[in-house]
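Student: Mind looking over this structure? Questions follow.
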Amino acid sequence: MYMKKILLLLFSVLLLLSCKDEESKGRIYFAEEEIDLISLSKYQLKVINETPGFETLKYTFKSSDTKIVEVNEDGMITGRAVGTATVTATAEELGLSATCRINVKSYKITLSQETITLKPNETYELSVTISPEPETMPEIKWQTDDKDVAIVDNGKIIAINSGETTITASIIGDSTRCKVIVKHNELTLNLEIPGTLKDYLNQDISKLTITGNINAMDINTMKEATKLINIDMSKAHIISYQDTYDNYIADVLPKNAFNNSQITICKLPTNLKIIDEKAFYQCRKLISITIPETVEKISESAFVSCTSLKSIHLPNSLESIENAAFLLSGIESIVIPPKIKKIPNNSFNGSKLSSITLPENLEYIGILAFASSNIKEITLPSKLDSLGWSCFSACTSLTSIHSLNPNPPSVDKDRETFWNTEFCKLYIPKGSYDKYNTTPGWMEFQNIIEE
């Protein structure tokens, strides 16, 4: 009997010690036992460690079905397909493990309309349905195939110009589309009596094709038509006109002709000679301008802040560009015609210009002409003999200049002409190194290379 008590006591002690060993071994577990995950989305799993004496553990993660859920070495899971899988975290050094059930789901997105037809400048708000209804609304990404036709902002469509485009709304795992057709209210008119356009052009017209003789009064009528954004005057002729204050000359697009208007596309008359001051000043929506091969002069500030105008063709007839003609414009690439001998002050200052071709006969580049533009490389022609101060200042993208004149063009000795001469490479004609390397304004270049 006594022996039985001894054995029972010994067994109890061993059992107690075993329980304490198990308790001291501790445990690990996931912060969440079950997670709902949207297909193609990611989620960071968190493992809780309750193991005395082992504050930091290294875990190995494994998915029961990698076609449904993938998990990386850090416990980041990615939903790959609809279904359920189990992710296991193992602390191999202690032989501990934990599991988490992952349910991968997919939402379906639909739009309130499959096709809509709008007029330029009209708007339409698309509504979105997501099923099954999520507890938290997922991020919706919006995209348009053609920004020149229509743009979209968080479901709000803004019609720009005639044409067709597709609006796409996407969430993780699904997307849907809406076809957008933009049509103008068009007016085609042969104006028989100059100055009478106001009698025909109502405020709902968004596209005008006009022929015949027109004058400054008609152009002002176009400007004041708030919905008119597409104008074709290519077969019209601007004739002279005089009012109480001004004398408007034939074949000249008047001062302030369309300044601050909503115009997006414009074809100018084929006999035009001059685009006068501020003709398209701050026409921020202008995306296309057709300049005829008869234009000889683009006047001061003609295209200032035309931020949507990415490209422009200048005719070979062009003889003069005046100050700030393309200041702060969106033009990215341009070829300067052969008759131009002077790039005046502020011509492309602050523009998006990244590529330019200069004519062989160019003699002068004006003050701040290309300052703060995006020019990456430029070739200065052999007849160029003078540069205005700061004409290339703040051109942070400019990495190479090719100067074809064996004699360094003159620069303002007291003001900075170039930017980043430490890294920008200067290429010069063979045999002209000593001249460039000893001329103020050019000698600052640390990389002068003969070619």
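Student: Looking at (1) among the β-branched types (Val, Ile, Thr); (2) closer than 24 Å to residue 309 by Cβ; (3) touching a residue at least 24 places away in the same chain (Cβ under 8 Å), which one does residue 375 not meet, given that it meets all the others?
Tutor: The failed condition is (3).
Student: Any residue in segment 174-195 that is within 30 Å of residue 78 (Cα to Cα) and touching a Lys or Arg at 6+ places or on another chain (Cβ under 7 Å)?
Tutor: yes
Student: Further question: Name, by its number, the condition in (1) within 30 Å of the chain's Cα centre (by Cα); (2) of a type outside the set (Gly, Ala, Ser); (3) surrounded by 17 or more Cβ atoms within 10 Å (Cβ to Cβ) that does not hold for residue 260.
Tutor: All conditions pass for residue 260, except number (3).
Student: Tell me whether segment 233-245 contains one or more residues that are under 29 Å from residue 117 (Cβ atoms), buried (at least 21 other Cβ atoms within 10 Å of the Cβ) and either in contact (Cβ under 8 Å) with a residue 24 or more places away in the chain or among the β-branched types (Val, Ile, Thr) (or both).
Tutor: Taking every residue of segment 233-245 in turn, at least one turns out to be under 29 Å from residue 117 (Cβ atoms), buried (at least 21 other Cβ atoms within 10 Å of the Cβ) and either in contact (Cβ under 8 Å) with a residue 24 or more places away in the chain or among the β-branched types (Val, Ile, Thr) (or both).
Student: Taking the criterion of being touching a helix residue (DSSP H, G or I) at 6+ places or on another chain (Cβ under 9 Å) and either in a helix (DSSP H, G or I) or not assigned by TED's automatic domain parsing to the domain that holds residue 240 (or both), would at least one residue in segment 204-217 satisfy it?
Tutor: yes
Student: So is residue 410 surrounded by fewer than 18 Cβ atoms within 10 Å (Cβ to Cβ), without any contact (Cβ under 8 Å) to a residue 60 or more places away in the chain and under 26 Å from the mean Cα position of the chain (by Cα) or not?
Tutor: Details: surrounded by fewer than 18 Cβ atoms within 10 Å (Cβ to Cβ): yes; without any contact (Cβ under 8 Å) to a residue 60 or more places away in the chain: yes; under 26 Å from the mean Cα position of the chain (by Cα): no.
No: the conditions fail for residue 410.
Student: Within segment 424-437, restricting attention to residues that are not in a loop (DSSP other than H, G, I, E, B) and not hydrophobic (A, V, I, L, M, F, W, C), which residue is farthest from residue 355 (Cα to Cα)? Walk me through it before giving the result.
Tutor: If we filter segment 424-437 for residues that are not in a loop (DSSP other than H, G, I, E, B), which is where we start, we get 425-428, 433-437.
Applying the additional criterion that residues be not hydrophobic (A, V, I, L, M, F, W, C) yields 425, 427, 433-437.
Values: 425: 17, 427: 17, 433: 26, 434: 29, 435: 28, 436: 25, 437: 27 Å.
Filtering first and then ranking leaves 434.
Student: Here is a further query. List the number of the failed condition for residue 325; all other conditions in (1) surrounded by 15 or more Cβ atoms within 10 Å (Cβ to Cβ); (2) small (Gly, Ala, Ser); (3) under 18 Å from residue 265 (Cβ atoms) hold.
Tutor: (3)
Student: Would you point out which residue out of 118, 94 is touching a Phe, Trp or Tyr at 6+ places or on another chain (Cβ under 8 Å) and within 30 Å of residue 228 (Cβ to Cβ)?
Tutor: Values: 94 fails: within 30 Å of residue 228 (Cβ to Cβ).
After ruling out the rest, the residue left standing is 118.
Student: Quick check, is residue 133 free of Cβ contacts under 8 Å to residues at least 12 places away in the same chain and not small (Gly, Ala, Ser)?
Tutor: On the way: free of Cβ contacts under 8 Å to residues at least 12 places away in the same chain: yes; not small (Gly, Ala, Ser): yes.
Yes.
Student: Here are 355, 347: which of them is under 20 Å from residue 387 (Cα atoms), among the hydroxyl-bearing types (Ser, Thr, Tyr) and surrounded by fewer than 16 Cβ atoms within 10 Å (Cβ to Cβ)?
Tutor: Values: 347 fails: surrounded by fewer than 16 Cβ atoms within 10 Å (Cβ to Cβ).
Among 355, 347, only 355 is under 20 Å from residue 387 (Cα atoms), among the hydroxyl-bearing types (Ser, Thr, Tyr) and surrounded by fewer than 16 Cβ atoms within 10 Å (Cβ to Cβ).
Student: Follow-up. Please find, within segment 288-307, the residue that is modelled with the highest pLDDT out of those that are among the small types (Gly, Ala, Ser) and in contact with a Ser or Thr (Cβ under 8 Å, 6 or more places away or on another chain). Explain how you work it out, then say what you get.
Tutor: Taking segment 288-307 and keeping what is among the small types (Gly, Ala, Ser), we get 288, 299, 301-302, 305.
Those still in the list that are in contact with a Ser or Thr (Cβ under 8 Å, 6 or more places away or on another chain) too: 288, 305.
Working: 288: 94, 305: 97.
This residue is 305.
Student: Further question on the same structure: Report yes if residue 211 is within 30 Å of residue 244 (Cβ to Cβ) and surrounded by 19 or more Cβ atoms within 10 Å (Cβ to Cβ), otherwise no.
Tutor: Numbers: within 30 Å of residue 244 (Cβ to Cβ): yes; surrounded by 19 or more Cβ atoms within 10 Å (Cβ to Cβ): no.
No.
Student: Same structure, new question: Suppose we filter segment 286-303 for residues that are β-branched (Val, Ile, Thr) and not in a loop (DSSP other than H, G, I, E, B); how many remain?
Tutor: Counting residues in segment 286-303 that are β-branched (Val, Ile, Thr) and not in a loop (DSSP other than H, G, I, E, B) gives 3.
Student: State which residue is nearest to residue 374 (Cα to Cα) when the search covers only segment 413-451 and only residues that are touching a Cys at 6+ places or on another chain (Cβ under 8 Å) and surrounded by fewer than 16 Cβ atoms within 10 Å (Cβ to Cβ).
Tutor: Keep residues of segment 413-451 that are touching a Cys at 6+ places or on another chain (Cβ under 8 Å), which gives 417-420, 445, 447.
If we keep only those that are surrounded by fewer than 16 Cβ atoms within 10 Å (Cβ to Cβ) too, we end up with 420, 447.
On the way: 420: 13, 447: 21 Å.
Applying the filter and picking the extreme gives 420.
Student: Which one of these is surrounded by 15 or more Cβ atoms within 10 Å (Cβ to Cβ) and without any contact (Cβ under 8 Å) to a residue 12 or more places away in the chain: 167, 160, 151?
Tutor: Numbers: 167 fails: without any contact (Cβ under 8 Å) to a residue 12 or more places away in the chain; 160 fails: without any contact (Cβ under 8 Å) to a residue 12 or more places away in the chain.
151 is the lone residue from the list that is surrounded by 15 or more Cβ atoms within 10 Å (Cβ to Cβ) and without any contact (Cβ under 8 Å) to a residue 12 or more places away in the chain.
Student: To continue, here is another question. Residues that are touching an Asp or Glu at 6+ places or on another chain (Cβ under 8 Å) and loosely packed, with under 13 Cβ neighbours inside 10 Å: list the strands (runs of 3 or more DSSP E) wholly contained in segment 19-126 that include at least 3 such residues.
Tutor: Working: elements: 27-30, 34-38, 42-44, 47-50, 60-63, 69-71, 76-79, 83-91, 96-105, 108-111, 115-118, 123-125.
Because the criterion is at least 3 residues that are touching an Asp or Glu at 6+ places or on another chain (Cβ under 8 Å) and loosely packed, with under 13 Cβ neighbours inside 10 Å, no strands (runs of 3 or more DSSP E) in segment 19-126 meet it.
Student: Which condition does residue 133 not pass, out of (1) in contact with a strand residue (DSSP E or B) (Cβ under 9 Å, 6 or more places away or on another chain); (2) closer than 28 Å to residue 78 by Cβ, if it passes all the others?
Tutor: Of (1) in contact with a strand residue (DSSP E or B) (Cβ under 9 Å, 6 or more places away or on another chain); (2) closer than 28 Å to residue 78 by Cβ, only one is false for residue 133: (1).
Student: May I ask you to verify whether residue 440 is part of a loop (DSSP other than H, G, I, E, B), more than 37 Å from the chain's Cα centre (by Cα) and under 18 Å from residue 358 (Cα atoms)?
Tutor: Details: part of a loop (DSSP other than H, G, I, E, B): yes; more than 37 Å from the chain's Cα centre (by Cα): yes; under 18 Å from residue 358 (Cα atoms): no.
So residue 440 fails the test.
Student: Could you list, in sequence order, all residues of segment 428-442 that are of a type in the set (S, T, N, Q) and touching a residue at least 12 places away in the same chain (Cβ under 8 Å)? If you could, list the steps in order and put the result at the bottom.
Tutor: If we filter segment 428-442 for residues that are of a type in the set (S, T, N, Q), which is where we start, we get 432, 437-439.
Hits for segment 428-442 are 432, 439.
Student: List the strands (runs of 3 or more DSSP E) inside segment 313-423, counting only whole elements, that have at least 1 residues being under 21 Å from residue 440 (Cβ atoms).
Tutor: Values: elements: 333-335, 355-357, 377-380, 400-403.
Per the criteria, 377-380, 400-403.
Student: With the checklist (1) over 22 Å from residue 203 (Cα atoms); (2) within 26 Å of the chain's Cα centre (by Cα) in hand, flag the one item residue 283 doesn't pass.
Tutor: That leaves (1) as the condition not met.
Student: Can you find a residue that is outside the structural domain of residue 316 (by TED's automatic domain parsing), of a type in the set (D, E, K, R) and at pLDDT 95 or above anywhere in segment 407-421?
Tutor: Keep residues of segment 407-421 that are outside the structural domain of residue 316 (by TED's automatic domain parsing), which gives 407-421.
Those left that are additionally of a type in the set (D, E, K, R): 412-416.
From the residues that got through so far, the ones that are at pLDDT 95 or above too are none.
Checked against the condition, which is being outside the structural domain of residue 316 (by TED's automatic domain parsing), of a type in the set (D, E, K, R) and at pLDDT 95 or above, segment 407-421 yields no hits at all.
The values are calculated or read from the model by the stated rules, or taken from the named source; none is laboratory data. Computed from a predicted structure; not experimentally measured. Cβ sites come from the backbone with ideal geometry, for glycine too, and all protein chains shown count toward neighbours.
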